[in-house]
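Working notes for the structure below.
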Amino acid sequence: NLILANPPFGNNEEDEDVRNKYDLFAVHNMKKTECLFIERALKTLEPNGEMAIVIPDGVLVCSNTSCVRRLIRKYARIMAVTSLPKHTFAPSGVPTISTSVLFVKKFPADYFERIKDVKREEDIFDIQNQMGLSNYNIFMGVAKEIGYEPNGDASRSGANDLLLILSEYQKAKANSFYHHEEFKALNDKCLVININALEDRMDARYYWFRDR
């Protein structure tokens, strides 16, 4: 009922026996390991289970990963997306990479019972709408400071935006994610936005600057 993950980025699954187990490969020829990992995790989660996963922003943005975003929306409610600074993985030897933490909650069992024999995505999303699962707000955060510098040394300021973002997320959750508002800036790092106001991308940094 809970998955916390930081899958490997930037590789392709070359083992045919492995990738043939995935719908993303069978239907969309998707071989990226981080994308296949997302599918595996979503299917492994129990209904109402939760997942927090670190992924490269390309999964949230690129046109060739649109199928992954549709898969996420098919299986789960998107609770939060937090953009991380590009130097997040510098201490691990990756100097710059744009990444985010995606937090989702899988839909309830009765939803999956209703869609188990449904093939067309359009019909699946129609069922979501009928069940009141397709209209909700997503929390988004943009972290600039995470406690250390690009060289890996402790931050001189001691600032860690992730603590503030977590606090704002908890506050937003307690207020039903301000569901009566399509867009709401919470402070200079956080916002909520209705899922139906999204373009075909999910990166928090884009929506923060788009709606300024």
- prompt: Which of the lysines could a cross-linker bridge to LYS184, judged by Cα under 28 Å and excluding same-chain residues fewer than eight apart?
  reply: LYS74, LYS86, LYS105, LYS106, LYS144, LYS171, LYS173
message: Among [x] -0.57, -1.19; [y] -0.32, -1.24; [z] -0.29, -1.29, only one was calculated for this model; which label is it, if the read-out is log10 I(q)/I(0) by the Debye sum over Cα atoms at q = 0.08, 0.17 Å⁻¹?
response: [z]
message: Check which residues have an amide H placed less than 5 Å from SER100's amide H, if you skip close sequence neighbours.
response: ILE55, ASP57, LEU84
- request: Could you please put HIS179, HIS28, HIS87 in sequence from largest to smallest accessible area, using a 1.4 Å probe?
  value: HIS179, HIS28, HIS87
message: Can you give the local net charge around ILE193? Use residues other than it whose beta-carbon is closer than 11 angstrom to its beta-carbon, Lys and Arg +1, Asp and Glu -1.
response: -2
- line: Sequence order, the range 117-128: Karplus ³J(HN,Hα) from phi using 6.51 cos²θ - 1.76 cosθ + 1.60, θ = phi - 60°, Hz rounded, Gly and Pro as x, gives 10, 8, 9, 7, 4, 4, 5, 5, 5, 5, 5, 3
- request: Using a cut-off of 13 Å between beta-carbons, work out the net charge of the residues near LEU84 (Lys and Arg +1, Asp and Glu -1, LEU84 not included).
  value: 0
message: Which order do you get for ARG19, ARG120 if you rank them by accessible area with a 1.4 Å probe, largest at the top?
response: ARG120, ARG19
- prompt: Using a 1.4 angstrom probe and counting only protein chains, how large is the accessible area of ASP153 in Å², to 10?
  reply: 90 Å²
field: Neighbourhood charge, 12 Å Cβ-Cβ cut-off, centred on GLU168 and excluding it, Lys, Arg +1 and Asp, Glu -1
entry: +2
query: Over the heavy atoms of VAL27, what accessible area does a 1.4 Å probe trace out, to the nearest 10 Å²?
result: 110 Å²
field: Surface accessible to a 1.4 Å probe, PHE177 within the full protein complex, Å²
entry: 10 Å²
Percent of beta bridges antiparallel (DSSP, the chain, rounded to nearest 5): 75 percent
- prompt: Hey, how many Å between the Cα centroid of the range 70-149 and the Cα centroid of the range 157-212?
  reply: 13 Å
- line: Taking placed amide H atoms and a strict 5 Å upper bound, the residues 5 or more places from MET79 or on another chain that come that close are PHE103, VAL104, LYS105
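The values are calculated or read from the model by the stated rules, or taken from the named source; none is laboratory data. Bear in mind that the values here come from a model prediction, so they are computed numbers and not experimental data. Counting neighbours? That spans all protein chains shown, and the Cβs are built from the backbone with ideal geometry, glycine included. Heavy atoms of the whole protein, side chains included, go into the accessibility calculation; ligands, DNA and RNA do not. Shrake-Rupley method; radii C 1.70, N 1.55, O 1.52, S 1.80 Å.
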